[in-house]
Each structure stands twice: as structure tokens, then as C-alpha cells.
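Below is one structure, written out as C-alpha cells; the observations come after it.
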Amino acid sequence: MSARDPLPDLLIAIPAVIIACKAGAMLFRRIGQPPVVGEIAVGILLGPSLLGWLWPGAQAWLFPGTVLPFTGAFGNIGLLAFMFLVGLELNLSALRGHSRTAIGVSQASIALPLVLGSGLALLMYDTMAPKGVTKLAFVLFIAVSMSITAFPVLARILTDRGLYHTRIGALAMACAAVDDVTAWCLLAAVVAVSTSSSPVEAATTAALAALFLAFMIYAVRPLLAKWAVRAARTVDSVVLVVLFSGLCLSAFTTDKIGVHALFGAFVFGVITPRGSRVIELCAARLRAFTIPILLPLFFVNTGLKTDVGLVAADPMMLLWAGAVMVVAFLGKWGGSTAAARATGQSWRDAMSIGALMNCRGLTELVVLNLGLELGVIGPELFTMLVLMALLTTTITSPALSWIRRGVSPGKEAADTAEGPLVHEPVRLPAKAAALSP
């Protein structure tokens, strides 16, 4: 008997997911939230937390077993393209003149969550760690997951509020850029520890990752820079093929090394030359397809793994969930605020930076799915951390409004930065604008 053809089911599931996530994004945008909050919420609602609880037959019909491997694969491809775009939009060279505050705040906003997260993980280990996971891998993963900031979502919030080109917006973006690079390096180390069977194997993985990074910076980057000069006379479709193939091959390499495909896509984005209009136009086209079409499949796959009932039904789980929330807010918001204040920022600006750095969004979901895939965390803790990511992202905009109440738009506009600390992507004409989740 031949296997059932999954295509008819995919032709129902994919548009249903895309439309539902778009509707959620539009709804949450109208109430002052970044669209990604709506997309995350819709993903959770389509999973066992609501649809599977109220109407399990409908969920089984919409997401039969034959569909899930394909939606997962498409969502992961979208995730790789997204990580490439995140790397491409980082502009670390623009930190000149702002590096002291940016590095101080970003490192404090990682150090305190690492310490508090490690303490929480040590308390959780006996009851929350999956069987067979080492204490070191579990503690390191929880610590790193507490230290994440969603760089793209932060940029979207600043843009929506007219703060993107202000001094406070530029400083927040600089802090998030350094934070992102540091956190991904730490996560690479966690993956190496989690997937290695011995210290020697972990050290070998780390050494190979360092060689890969050096090769990309000192060999591939100069070649791409020379090619970018000639790319201005190249057909756009050829440039798009080169960029997409490059991110896929980079992702394949890091996957084989043992530090996950996401790191390769991110690094390829970081080393891709800026300033070439044809490259940025192709990147914008990739973004215009990836964000609204492929990423919703990732959100739903995350939602299908998230079951609020696992937490809500157990008082002990609710206590652990509360502890996760407290550590997340105290570590990230508290650490960022204290560091910003120590570098000479006013209390209002320091608290604003703290609120922005506490935004976790899609980046946190990427990390959490990686932890679940590696078996470092179980479904209950995964659900708690997904809810933490949703709450910390949701509260960012209203918290910023409260902190900056009384500051007139004219004063914000007058308080402009000397130059943007993030590379601003080219916008496509004719309503095909580059989208940020």
C-alpha cells in the first residue's frame, strides 16, 4: 500500500497557517504590539494549548502526521534565511564612539541573567531536567536562554515608536547587536557541550567552529567583497541564488561541525558585504518572502510543542513558571538598567534601555526550539520559557510608553543619533517593503 500523498494536506495547512498568523500580526499591531507577538500567540493557540484542547479533531485534520515533517522543514528553511538576515543587518563597525556604553550594558545584560539563570537551573535540575542530560549542559542552556535579546523585534519597536534614529534608539540597538553576537557564541558553546560525548570531542567541535569562523572572515568575506563590486552589473536573480546558496552551504557546514545550522546562516549574513544595492535588494526580496510565508510555519511548529495545560494543571509547575518570569525580568531588565545608569545614562534612559533589552521575541523561540531538539529541556520547561518569551516581548512597548511618558515627540526627534548603529535594509518599492518580525 502506497503512502498517502501529503500535498493535498499541505495545500490546506500552509495557507491556513499563513492567513491566521497574518491576522494575528495585524490585530496585535493595531493594539501597539510588534507583529511577532501576534504570530507567536496564534502559533500557541493553534497547538494543544487551545485548538487541540477545545477541538482535537480539527487540529488533527489541519495538522495530520503526514504534514508535520514538511511544515517543519519549510519553517526551518525560513528560520535559516531569517538568521542570515539578522546577521546581515548587524553593523558592528558603527559602534565606534559608543562602544564603552554598548559593551558595558550588553555584557551586564548577559552576565546577570547568566548568574541568575544558572542558580535557577541548579534548583530545577533534579525535577525539570530530562533524563540523561548532564547538569552542565542543562545549567548552561537555561543560563543562556535567560540572556537573549531579540535584535530584529527591538528594531521594529523602535521604528514604530519613532525612536530608531534617536540617541536612545541607537544606543539600544548597539547594545542589542553586541548582546546578539555574544549570546550566539555562548549558545554555540552550549550546543558543543550538549552534543559531545567527552571533553575532547567538545574541544574539537569548538576548534572546528573557530576555524570555520576564521575562514569565513579572512577568506570568504574578501571574496564576497570583490564579487559585490561586480554584482552591480549582474542579474538580480543570480545574486539571489548566490546569497541563498551561500547561507545554505554555511548552515550545512556548521551543522556537520556540530554547532547547528543556524550559526552558519548567521555568520554568512554577518560577513556579507553591505552597501551594494543589488545585494540589499535581493536580501529585501528574500525577507519579503521569508517573514510572511515561511516563518509562520515555524511559529506553528513551536505552538504544537507548547502545551499550557502541562503547566497550568500542576501548582508546582506554576511556581517554577513564576520563578522563570522573575529571573527573566530581574536579570535582563535589572542588569541592563543598572549598567546603563553606571555608564552615565539618566534613570529614564537607563530604564528604557533595560525594557528594550528585556524583549526576547523570535530569537528566544529559536533558542528554545534548539534546546528541545537537543533534548536539553523537556516539554514543561519549554512551555514555561515560550510563555516567558511571549510575556517579555508583549510588555516591552507598554513599559516603554510608561517610562517615557511626558517626553514630547519633538524632544525625541531632536535627540537624534549621529549615525545609525544598525544597518537599515533597502526597502522594496510597490508595497513589497522589507518586513521585520
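Among the numbered criteria (1) in contact with a Pro (Cβ under 9 Å, 6 or more places away or on another chain); (2) over 15 Å from Leu88 (Cβ atoms), which one does Ala283 miss?
Here Ala283 meets the rest and fails (2).
Kindly indicate the residue of segment 303-344 that is in contact with a Phe, Trp or Tyr (Cβ under 9 Å, 6 or more places away or on another chain) and hydroxyl-bearing (Ser, Thr, Tyr) and also nearest to Met83 (Cα to Cα) among those meeting that condition.
Out of the qualifying residues, it is Thr306.
Which ones in segment 139-168 are assigned to a helix (DSSP H, G or I), under 19 Å from Leu112 (Cβ atoms) and of a type outside the set (Phe, Trp, Tyr)?
Listed by number, the residues that qualify are Val139, Leu140, Ile142, Ala143, Val144, Ser145, Leu154.
As an exercise: evaluate Phe244 against (1) modelled with pLDDT of 90 or more; (2) aromatic (Phe, Trp, Tyr); (3) surrounded by 19 or more Cβ atoms within 10 Å (Cβ to Cβ); (4) within 14 Å of Met83 (Cα to Cα) and give the number of the one condition it does not meet.
The single condition Phe244 does not satisfy is (3).
Which members of segment 131-141 meet the condition of being surrounded by 15 or more Cβ atoms within 10 Å (Cβ to Cβ) and either of a type in the set (Asp, Glu) or in contact (Cβ under 8 Å) with a residue 40 or more places away in the chain (or both)?
If the condition is that a residue be surrounded by 15 or more Cβ atoms within 10 Å (Cβ to Cβ) and either of a type in the set (Asp, Glu) or in contact (Cβ under 8 Å) with a residue 40 or more places away in the chain (or both), then Val133, Ala137, Phe138, Leu140, Phe141 are the ones that fit.
Among what's in segment 20-48 and is assigned to a loop (DSSP other than H, G, I, E, B) and not polar (S, T, N, Q), pick the residue that is surrounded by the fewest Cβ atoms within 10 Å (Cβ to Cβ).
Among them, the one singled out is Ile31.
Being of a type in the set (S, T, N, Q) and within 20 Å of Trp402 (Cβ to Cβ) is the filter; apply it to segment 309-349 and report the residue that is most open to solvent (accessible area, probe 1.4 Å).
For segment 309-349, the residue satisfying everything is Ser346.
Return yes when Phe74 is in contact with a Leu (Cβ under 6 Å, 6 or more places away or on another chain) and open to solvent by 50 Å² or more (accessible area, probe 1.4 Å) and no when it is not.
yes
Within segment 329-432, considering only helices (runs of 4 or more DSSP H) that don't extend past its boundaries, which have at least 1 residues that are modelled with pLDDT of 90 or more?
Fully inside segment 329-432 and qualifying: 335-342, 347-357, 361-374, 379-394, 396-403.
Would a scan of segment 153-168 turn up a residue that is open to solvent by less than 10 Å² (accessible area, probe 1.4 Å), free of Cβ contacts under 8 Å to residues at least 60 places away in the same chain and among the aliphatic types (A, V, I, L, M)?
No, segment 153-168 has no match at all.
Here is a check on your reading of the model: is Leu51 over 20 Å from Leu390 (Cα atoms) and either without any contact (Cβ under 8 Å) to a residue 24 or more places away in the chain or open to solvent by 50 Å² or more (accessible area, probe 1.4 Å) (or both)?
Against the criterion (over 20 Å from Leu390 (Cα atoms) and either without any contact (Cβ under 8 Å) to a residue 24 or more places away in the chain or open to solvent by 50 Å² or more (accessible area, probe 1.4 Å) (or both)), Leu51 does not qualify.
Looking at (1) of a type in the set (S, T, N, Q); (2) at pLDDT 90 or above; (3) farther than 30 Å from Met26 by Cβ, find the lone condition where Ser99 falls short.
(2)
Checking Ala265 against (1) within 20 Å of Gly371 (Cα to Cα); (2) modelled with pLDDT under 90, which test does it fail?
(2)
The values are calculated or read from the model by the stated rules, or taken from the named source; none is laboratory data. Nothing here was measured: the structure is a model prediction, and the numbers come from that model. Ideal geometry is used to build each Cβ from the backbone, glycine not excepted, and the neighbour counts take in all protein chains shown. Ligands, DNA and RNA are excluded from the accessible area calculation, which covers all protein heavy atoms including side chains. Shrake-Rupley method; radii C 1.70, N 1.55, O 1.52, S 1.80 Å.
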